[in-house]
Amino acid sequence: MSDLVEYEKIGSIGVITVNNPPVNALSPGVPEGMVEGVEKGIADPDVKAMVLIGAGRSFIAGADIKFLGKPRSKIASNYRELFENSEKPIVAAIHGYALGGGLETALGCHYRVAVESAKVGLPEVLIGILPGGAGTQRLPRLIGPEAALEMIVTGRHVPAREAGELGIIDEVVADGDLKSAAIAFAEKIADQRPIPRISQMNEKVENVDSGIFDAMRKKIERRARNQIAPYHCILCVEAAVSLPFDEGVARERELFQELVNGEEAKSLRYAFFSERQAAKIPDIDKSIVPVDVKLAAVVGAGTMGGGIAMCFADSGIPVKLLEISKKFLEEGMAKIKANYETSIKRGSIDAAEMDKRLALIDPVLAYEDIADADLVIEAVFEEMSVKEEVFGKLDAVMKPGAILASNTSTLDIDQIARATKRPEAVLGMHFLSPANVMKLLEIVRGENTSKEAVVTALKIGRRIGKVGAVCGNCDGFLANRSRMPFQTEMNILIEDGAMPEQVDKVMIDFGYPMGPFAVGDLAGLDIGYAVRKRRAVESPNEFRKLPIPDRLYEMGRYGQKTSGGWFNYKPGDRTPYPDPEVVKVIEDTRRKLGVEPHDFTDEEILQRLLFSSINEAAKILEEGIAYRASDVDIMWLYGFGFPRYRGGLMYWADQIGVKKIYETMCEWEKAYGERWKPATLIKELADSGKSFADA
Ligand code: T1G
């Protein structure tokens, strides 16, 4: 037996235990070990049935993604058929996760038992492939093509109870001793015949209304734009209802092979591992113990503060919400309640859940009331003097060991820390708006921030469902600083001849959910205006006036909040419509600037926008503000809606090649000026033939 899989006999039941930490992935040796175990059970005359179970925290979480696209052993390809053809029933005992190849393994077994807290799913589409272990052929036979289609195309995790109702799980047992429950179940069914074999269950895949496939294609059109894996998933389920099992499996394998080494799959695998890599901090090892956050606190009940408080409540963590005035506090609580009521209308939670979450948010009016919180996050007005005052008060009241975080999006964390006598406890925890929706958590490490504080922010970030990435302290930190040139360049393009709707179309076709000008209208042109005002004072030499958005602001065109900004909006309709008044402002400004407008190709628009940020990200990397290029990608994927199937800003840059980017920027530097001077790192990588991933 490989040491990845153990076999033991308990009574008349053969128990095969997969032990491949951390998630029992089907790494090489695991299929082989399982087969050895099953063969032992089959060969032993005293064994009447078998149980397949995972050691540690989970059943099998799927194929080992690190080995995807690499040759597989013959056993790894057909062990599920071997299980299914066994003359002794095999029960899959599921806790934690049974995902991808893990669930497919369970579907190759004859019965499935799961604990209440387990989750099952076929998430392969999320990494740009499809269930390649006959899951697209067995699941429709077990639960019907419609339910199977929904699970396979969304890749979602299905809780055990729901999986039981669907027919995936035969028995849901209470969280606890799964092994005993599974052995008892195995003894109960050991002599039952015929042994249920899913590949032979055909009634659910006969006479199927083929309209469900086109309906699904229509349904995913927007979300699956530019992608092929979701559509290949649909083709596989279509094969399940139109071909015999073995031919369907062959079709699935064919479609799988078309995806596994394609750009989409490689980019999504990169994103999967980058997200986990972001939690690895070079100078912090596992010996650093995070603060256990049992009680959180938020200072400021505005849009951000309220959203942050919701993040804790949504994850079952009690949180105090502090405001200075009863009026603001009540307004803040009312906004939170309204947000939950919207979720109820959308069906994502019910009234009982809303009440449960609201009960976890304790509105308070005095600093003393939050003194015993383990973590406090300040989310007050984006003004340094206000933040310094708040941190002075926090320093005076918070218990020793508490973490003092600021949600500031750009202000100097070290200056904020100097307002306290415990700078080691201070760091940035920058949420993107709306805080209860956007998954990015930018963790800003000050010069004195302790390792415990960083690890605490990373851990609590995961607990509240965020994806954390750590960066150093500078104006704009990693996310906004790398984003700024994009914001400037999009305006320069308009001055030079492009129109907002053309730029937005280029970025939507690239894969963004919204165009950058429409995003500007959503965020509000007043926000950008205020940042430019501050920058004009603080760093006049780097600052570049943007006359067109300034003019729109002065005209009172703030965006959706004033039913017009870059575009016009009809009441209750978020569709952006070009506005002749804006065209006039653009043309007048070009005349005043003496600019001869010229046409841009879509590719030049895309490259001008993204290369400008790639250049800034390169500077951020060479200054050591970011640990690695993939952390920039995490910020862009989770903060700015960069299309995940393109991996991320720096991954995309590496696909183009640093050398090509360098040469393009050198030409632009001659044509458009100093702002296109390539970062030193870009020149170095171009000269050495290296990539941003190498950096
Ligand atoms: N392969 C390799 N490593 C994996 C892995 C996997 N499938 N899943 C997790 N890891 C690593 C992860 O990189 C991290 O490593 C550690 O385990 C803990 O993960 C034939 C071909 C299971 C829900 O897509 O969704 O099956 O950073 O931090 O938050 O049809 O991991 O510690 O070094 O995410 O508790 C299909 C992917 C594969 C599941 C647990 N399966 N994994 O979440 O822990 S394709 C998946 C997850 C397939 C078949 C096809 C999550 C999780 P490190 P973690 P977690």
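The values are calculated or read from the model by the stated rules, or taken from the named source; none is laboratory data. Note that the structure is predicted; figures quoted are calculated from it, not measured. Every residue, glycine as well, gets a Cβ built from its backbone with ideal geometry; the counts of neighbours run over all protein chains shown. SASA here: full protein model, heavy atoms, side chains in, ligands and nucleic acids out. Shrake-Rupley method; radii C 1.70, N 1.55, O 1.52, S 1.80 Å.
Any idea which of Thr303, Asn261, Leu243 is furthest toward the positive side of the dipole for the range 221-328, if Lys and Arg beta-carbons carry +1 and Asp and Glu beta-carbons -1? Positive-most Cα among the choices belongs to Thr303. The stretch between Asp362 and Ala530, if pulled fully straight at 0.36 nm per residue, gains 57.3 nm over its current Cα-Cα span. Cross-link partners for Lys280 among the aspartates and glutamates, with Cα-Cα distance under 12 Å and sequence neighbours closer than 8 places in the same chain left out: Asp631. The listed peptides 325-338, 90-103, ordered by packing as a protection proxy, come out as 90-103, 325-338 (highest mean of other Cβ atoms within 10 Å first). When the Cα convex hull of the chain is projected onto planes of every orientation, the mean area is 32.7 nm². Between Glu116 and Glu36, the simple label model (points 7 Å from Cα in the Cβ direction) yields a spacing of 3.8 nm. Available extension along the chain between Lys660 and Thr342 is 109.7 nm, counting 0.36 nm per residue and deducting the alpha carbon span. In order along the range 198-215, phi translates into HN-Hα couplings of 4, 5, 9, 8, 10, 4, 7, 10, 9, 6, 8, 5, 5, x, 5, 6, 5, 4 Hz, rounded to whole numbers, per the Karplus curve 6.51 cos²θ - 1.76 cosθ + 1.60 with θ = phi - 60° and x for Gly and Pro. With 22 Å as the limit on Cα-Cα distance, the pairs of Lys439/Lys683; Lys320/Lys466; Lys70/Lys119; Lys40/Lys88; Lys286/Lys466 that go past it are Lys439/Lys683; Lys70/Lys119. For the range 414-452, applying the loop criterion from DSSP together with a ceiling of 12 other beta carbons within 10 Å to the GluC sites (Glu not before Pro) yields Glu447. For the range 296-326, the residues whose amide N sits under 20 Å from a probe point set 7 Å from the Cα of Glu162 along the beta carbon direction are 314-316.
Taking a ≥ b ≥ c as the square roots of the eigenvalues of the Cα gyration tensor of the range 71-211, is the shape rounded (a/c under 1.5), prolate (a/b larger than b/c) or oblate? Rounded, because the longest to shortest axis ratio a/c is under 1.5. If you find the alpha carbon centre of the range 379-407 and of the range 640-695, how far apart are they in angstrom? First find each Cα centre; the distance between them is then 38 Å. When the Cα positions of Ile42, Leu107, Ala229 are compared along the charge dipole of the range 5-261, Ala229 comes out farthest toward the positive end, with charges on each C-beta of Lys, Arg, Asp and Glu. Compactness of the range 296-470, taken as the C-alpha radius of gyration over 2.2 N^0.38 Å, stands at 0.96.
Sorting 458-466, 303-311 by average packing, meaning the other beta carbons within 10 Å per residue, from highest down gives 303-311, 458-466. Given the range 5-261, what percent of its DSSP beta bridges are antiparallel, to the nearest 5? Around 30 percent antiparallel, to the nearest 5.
The Kirkwood hydrodynamic radius of the range 5-261, based on inverse pair distances between different Cα atoms, is 18.1 Å. Once the gyration tensor of the Cα atoms in the range 10-130 is diagonalised, the equivalent ellipsoid follows with semi-axes of 23, 16, 12 Å, ordered largest first. Once C-alpha pairs closer than 8 Å and six or more residues apart are averaged by separation and normalised to the residue number of the range 170-251, the relative contact order reads 29 percent. The helix-only estimate of mean residue ellipticity at 222 nm for the chain, built from DSSP H runs of length n ≥ 4 each weighted as -39500 (n - 2.57), is -15000 deg cm²/dmol after division by the residue total.
Quick check on the chain: of the DSSP beta bridges with both residues there, what percent are antiparallel, nearest 5%? Approximately 25 percent, going by the DSSP bridge assignments.
Accessible surface area normalised per residue over the range 21-134 is 33 Å², counting heavy atoms of protein chains with a 1.4 Å rolling probe. Placing unit charges on the Cβ atoms only, positive for Lys and Arg and negative for Asp and Glu, gives the chain a dipole magnitude near 460 debye about its Cα centre. For the pair Asn85 and Arg225 in one chain, pulling the backbone fully straight at 0.36 nm per residue adds 46.4 nm over the alpha carbon distance.
Sequence-distant contacts, meaning Cα pairs under 8 Å at least 6 residues apart, place the relative contact order of the chain at 9 percent. For Ile90, the residues 5 or more places off, or on other chains, whose built amide H falls under 5 Å of its own are Met50, His110, Tyr111. Treating each Cα of the range 585-695 as an identical point scatterer and summing with the Debye formula, the log10 of I(q)/I(0) at q = 0.23 Å⁻¹ comes to -1.28. Between Asn207 and Glu623, the distance separating the two model label sites (each 7 Å from Cα on the Cα→Cβ line) works out to 6.9 nm. Evaluated over the Cα positions of the range 380-441, the convex hull gives a direction-averaged projected area, one quarter of its surface, of 4.3 nm². Between Ala371 and Glu667, the modelled label-to-label distance comes to 6.7 nm, taking each label 7 Å out from Cα in the direction of the beta carbon.
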